[in-house]
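Visitor: Below you'll find the structure I mean.
The values are calculated or read from the model by the stated rules, or taken from the named source; none is laboratory data. None of these values were measured; they are calculated from a predicted model. Backbone-built Cβ (ideal geometry, glycine too); neighbour counts: all protein chains shown.
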DNA sequence: CTTAACTCTGTACTGTGTACGAAGTAGAGG
DNA sequence: CCTCTACTTCGTACACAGTACAGAGTTAAG
């Protein structure tokens, strides 16, 4: 069964975190040479998270991987929360710069595909909230490139923001489903098919769960399950959703231009 | 700063979890009368989560709220993960049954609005993954009602599934942003405006972060921030996104019917 | 009345983030 | 060169988590 929860992490003054994100050096160092750099810590943390989940990123494990005592990490990073922020911006740095020659549909599609790939390379990105933490250079650049895709196509500024947020949100949501499913297969040792094989007879023994009570859910659920095995389902929703959203944006643009002229 | 992570929870045999979800009584009881019911535990857990976050739902705290020792909860629930599953289905039970007389656009809009409201009543629903756990009666009913909204409008079964998943995914994503932002305001004690007041001068002191490097991001970000204060931003994206998605579905339906005749 | 199933509880283990204080290192000022 | 002091590193300790385990008490079945 599933059930995954999210941990809170403090707010606090943004100063130090922003300085770390932008690599501000700080005052000249007097004491012993540091063994590591902040970048070392971030990279070690990303390696751990890639191989498992964000939960694998514990202060103790990152320290162990670096051959250092846990507490010494606090020299490079104020705490675990800020480390996660640094990891996010680091990962955003992997996004390619979209081809500026593309039309808006192709550009948005490329952005969505790149983001989809990024999430599959770094699934932990979807286990972490982004609000207020996207202040690093690579996250800024990401937003800039996204806006460039919809610049000059007839949307006002507020709509441009909404359009790219809508597309990236679609990718986030569908990629999350895709990766949750994959992770579940890994941790439970059961594929979706195997899991259903086990669950189906239990459900069958419960009168209230009979197909007669849920005719559409039974029919459509089965059809969807057969059309694409469940592992590919989110990828289908991604493509389907992107097509719908792009069509919807096109409708808006058309309405705009017709009203104007 | 932000940074929120998600915990893993085991897979395991679905049998017991499904039985709990559907309220299968189990063999006749011989020992002392139980002080509680599984429903008591679930309701106490929901109360705790509503008042805070999903992290407030610890075995110890739920037990304390019920005036019982922590370990005795394991009589009613196999573990924390299964408790979360039960909470999800319990919450889905609050969703109203949509008016069957509505057209598909109004029906999908009503479903989206109801879900948006549910997420704002129970923000912890967005801190928990749903994959494979939606096997309870109320979650089944939710899916059934969603499909009813798009039944008979010219989509095949696979597209019906994709359409409702797209809409509910949109609500999930935008509601998550909305609630993450609200939670951040609560935990940091800073409104978005106050936080930006503090962050802006720090950013201003970093040459690499100059607006000249991110012209669109600066212009559009400012415009979006002024148009609606950040707290309302996700709500705007929700409405904007829903309009686009519905238009996109309409385009698909129209194309279908034109091809047919 | 005996027995066995069931509930409930206290204790204990492992693992988390990180506060605190001590120890050691190396550049700055004399 | 010596001293001072900022700085890095580390060991210990605390509060809190989920839950395994074993024992004690309770009640229905035989």
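Visitor: Please work out if residue A:200 is in contact (Cβ under 8 Å) with a residue 12 or more places away in the chain and more than 9 Å from chain B (Cβ to nearest Cβ).
Guide: Spelling it out, it is not the case that residue A:200 is in contact (Cβ under 8 Å) with a residue 12 or more places away in the chain and more than 9 Å from chain B (Cβ to nearest Cβ).
Quick grid of which residues meet (1) within 13 Å of DNA strand D (Cβ to nearest atom); (2) touching a residue at least 40 places away in the same chain (Cβ under 8 Å); (3) more than 14 Å from chain A (Cβ to nearest Cβ):
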residue	(1), (2), (3)
B:40	no, no, yes
B:45	yes, yes, no
B:53	yes, yes, no
B:56	yes, no, no
B:61	yes, no, no
B:66	no, no, yes
B:74	yes, no, yes
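Visitor: Would you mind stating whether residue B:173 is at the interface with chain A (Cβ under 7 Å from one of its Cβ atoms) and crowded, with 18+ Cβ neighbours inside 10 Å?
Guide: Spelling it out, residue B:173 is indeed at the interface with chain A (Cβ under 7 Å from one of its Cβ atoms) and crowded, with 18+ Cβ neighbours inside 10 Å.
Visitor: Another question, then. Could we say that residue A:148 is at the interface with another protein chain (Cβ under 9 Å from one of its Cβ atoms) and more than 18 Å from residue A:106 (Cα to Cα) here?
Guide: No: the conditions fail for residue A:148.
Visitor: Sticking with this one: At pLDDT 95 or above, surrounded by fewer than 19 Cβ atoms within 10 Å (Cβ to Cβ) and more than 26 Å from residue B:86 (Cα to Cα): which single residue out of B:189, B:152 fits that description?
Guide: B:152
Visitor: Checking residue A:168 against (1) in contact with a helix residue (DSSP H, G or I) (Cβ under 9 Å, 6 or more places away or on another chain); (2) at the interface with chain B (Cβ under 7 Å from one of its Cβ atoms), which test does it fail?
Guide: For residue A:168, the failing item is (2).
Visitor: Looking at residue B:23 and the list (1) within 11 Å of chain A (Cβ to nearest Cβ); (2) away from DNA strand C (no atom under 14 Å from the Cβ); (3) farther than 28 Å from residue B:186 by Cβ; (4) surrounded by 15 or more Cβ atoms within 10 Å (Cβ to Cβ), which single condition is not satisfied?
Guide: Exception for residue B:23: condition (4).
Visitor: Among the numbered criteria (1) farther than 28 Å from residue B:162 by Cα; (2) outside any helix (DSSP H, G or I); (3) more than 10 Å from every other protein chain (Cβ to nearest Cβ), which one does residue A:138 miss?
Guide: (2)
Visitor: Residue B:257 versus (1) farther than 30 Å from residue A:25 by Cα; (2) surrounded by 22 or more Cβ atoms within 10 Å (Cβ to Cβ): which is the lone unmet condition?
Guide: Single failed check for residue B:257: (2).
Visitor: Quick test of your reading of the structure: residue B:209 fulfils all but one of (1) buried (at least 16 other Cβ atoms within 10 Å of the Cβ); (2) modelled with pLDDT of 95 or more. Name the failing condition by number.
Guide: Residue B:209 satisfies all of (1) buried (at least 16 other Cβ atoms within 10 Å of the Cβ); (2) modelled with pLDDT of 95 or more except (2).
Visitor: Which residues, counting only those in the stretch B:218-253, are more than 10 Å from chain A (Cβ to nearest Cβ), more than 20 Å from the chain's Cα centre (by Cα) and part of a helix (DSSP H, G or I)?
Guide: B:253 - this is the single residue of the stretch B:218-253 that is more than 10 Å from chain A (Cβ to nearest Cβ), more than 20 Å from the chain's Cα centre (by Cα) and part of a helix (DSSP H, G or I).
Visitor: Mind checking which residues of the stretch B:9-32 are at pLDDT 70 or above, within 13 Å of DNA strand D (Cβ to nearest atom) and under 30 Å from residue A:182 (Cβ atoms)?
Guide: B:16, B:17
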